[in-house]
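The values are calculated or read from the model by the stated rules, or taken from the named source; none is laboratory data. Only a predicted model underlies this, so the values are computations on that prediction, with no experimental measurement involved. In this analysis, Cβ positions are derived from the backbone assuming ideal geometry, glycine residues included, and neighbour counts consider all displayed protein chains. SASA here: full protein model, heavy atoms, side chains in, ligands and nucleic acids out. Shrake-Rupley method; radii C 1.70, N 1.55, O 1.52, S 1.80 Å.
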Amino acid sequence: MSRIFLKAAAVAFASVAVSLLLTLIVVPAMGFPMSRTVWLASTVCPLVLAWAASASSFWQSDRLQNAHRELARAHAQLAAAHRRLSDKASRDDMTGMLNRETFFAALDGSRRKSDRGALLIIDADHFKRINDSYGHLTGDEALLLIAGAIERGIRSGDVLGRIGGEEFAAFLVGASEPEAKHIAERIRREVELIRFRPIDERTVPLTVSIGGISCGESATVSDLMRAADRRLYEAKNRGRNLSILDRELPEAA
């Protein structure tokens, strides 16, 4: 408020100065004497009118600026809240990975940008046994350890999601078949190296089975999922704790 008062006062005194200057020029030129009334009129009127008008103008301008700042702050907070809600809606609550719907949307988007890559489906072995033996809270702990191992196994820029209870998927962007096989094996080993001790000091082994497929140019997301699923079931049937990656689908697939 003091800033508004000072600015208004400066405008008022400037108005008085201009008024006095014009009075000294115009009144004598018109042949009128410089009376006390003239001096008061040329001083008081601009002082009062200019101060009141400028003070009101500056006050309204200050209010508008404050309202604009508050609006900008509220807009920024709303945008941040929207980003948080959008991110939360796209993520799995437990692991923080992309949820099923968002993963497949990201996979489809990545496929449109590049015709190279590989899809891995990763499933925790005997996970129901852990839940039944130690309870679901302990099962959640194991799942988080497995999720962390998978994240360590993939590369920066790869797309990772939780697509089922104990099932994960990774799209290895731009990966060749040898690279994809190496990454799948690295994930499998990372999980196998976990030392999970839910009760006392007894270690419960954690392993995953991995099925994968290299991406052909004409393959759809559904084609890739079916092919990777077949490789996953093959890994399960061959004893689990295996990674099996197939060549890209033929064009007819």
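Quick notes on this one:
- Residue satisfying all of: in region 221-246; charged (D, E, K, R) and over 20 Å from H182 (Cα atoms); least open to solvent (accessible area, probe 1.4 Å) among these: D223
- In summary, E151 fulfils each of the numbered conditions (1) touching a helix residue (DSSP H, G or I) at 6+ places or on another chain (Cβ under 8 Å); (2) open to solvent by 60 Å² or more (accessible area, probe 1.4 Å); (3) of a type in the set (D, E) with the single exception of condition (1).
- Note on region 154-168: among residues that are within 21 Å of the chain's Cα centre (by Cα) and in a loop (DSSP other than H, G, I, E, B), the one that is nearest to T95 (Cα to Cα) is I163.
- Hey, L137 more than 17 Å from M225 (Cβ to Cβ), touching a helix residue (DSSP H, G or I) at 6+ places or on another chain (Cβ under 9 Å) and either of a type in the set (S, T, N, Q) or assigned to a helix (DSSP H, G or I) (or both) or not: no
- Pairs where the first residue, in region 93-120, is within 13 Å of V221 (Cα to Cα) and without any contact (Cβ under 8 Å) to a residue 12 or more places away in the chain and the second is open to solvent by less than 60 Å² (accessible area, probe 1.4 Å) and in a helix (DSSP H, G or I), C-beta under 9 Å, 6+ apart: E101/S90; A105/S90
- Looking across region 138-148, the residues that are among the small types (G, A, S) and either at pLDDT below 95 or open to solvent by less than 10 Å² (accessible area, probe 1.4 Å) (or both) come down to G139, A142, A147.
- The residues of region 155-201 that are among the basic types (K, R), under 24 Å from A105 (Cβ atoms) and without any contact (Cβ under 8 Å) to a residue 60 or more places away in the chain amount to a single one, R155.
- Residue check, I163 among the β-branched types (V, I, T) and under 18 Å from T207 (Cβ atoms): no
- Filtering region 202-230 to residues that are touching a residue at least 24 places away in the same chain (Cβ under 8 Å) and in a helix (DSSP H, G or I) leaves V221, D223, L224, M225, A227, A228, D229.
- Candidate set: region 202-253, residues that are closer than 25 Å to A105 by Cα and β-branched (V, I, T); chosen: the one modelled with the lowest pLDDT: T220
- Some residue of region 102-124 being modelled with pLDDT of 90 or more, under 22 Å from I194 (Cα atoms), assigned to a helix (DSSP H, G or I) and open to solvent by less than 70 Å² (accessible area, probe 1.4 Å): no
- Options S61, S86; residue that is modelled with pLDDT under 70, surrounded by 10 or more Cβ atoms within 10 Å (Cβ to Cβ), within 30 Å of T220 (Cβ to Cβ) and not aliphatic (A, V, I, L, M): S86
- Test: residue in region 155-169 that is farther than 23 Å from R100 by Cα and either polar (S, T, N, Q) or open to solvent by 10 Å² or more (accessible area, probe 1.4 Å) (or both): no
- Candidates are the residues of region 184-214 that are more than 14 Å from A169 (Cα to Cα) and within 30 Å of the chain's Cα centre (by Cα); the one that is surrounded by the most Cβ atoms within 10 Å (Cβ to Cβ) is V191.
- In region 169-201, residue modelled with the lowest pLDDT [restricted to those that are in a loop (DSSP other than H, G, I, E, B) and among the aliphatic types (A, V, I, L, M)]: I199
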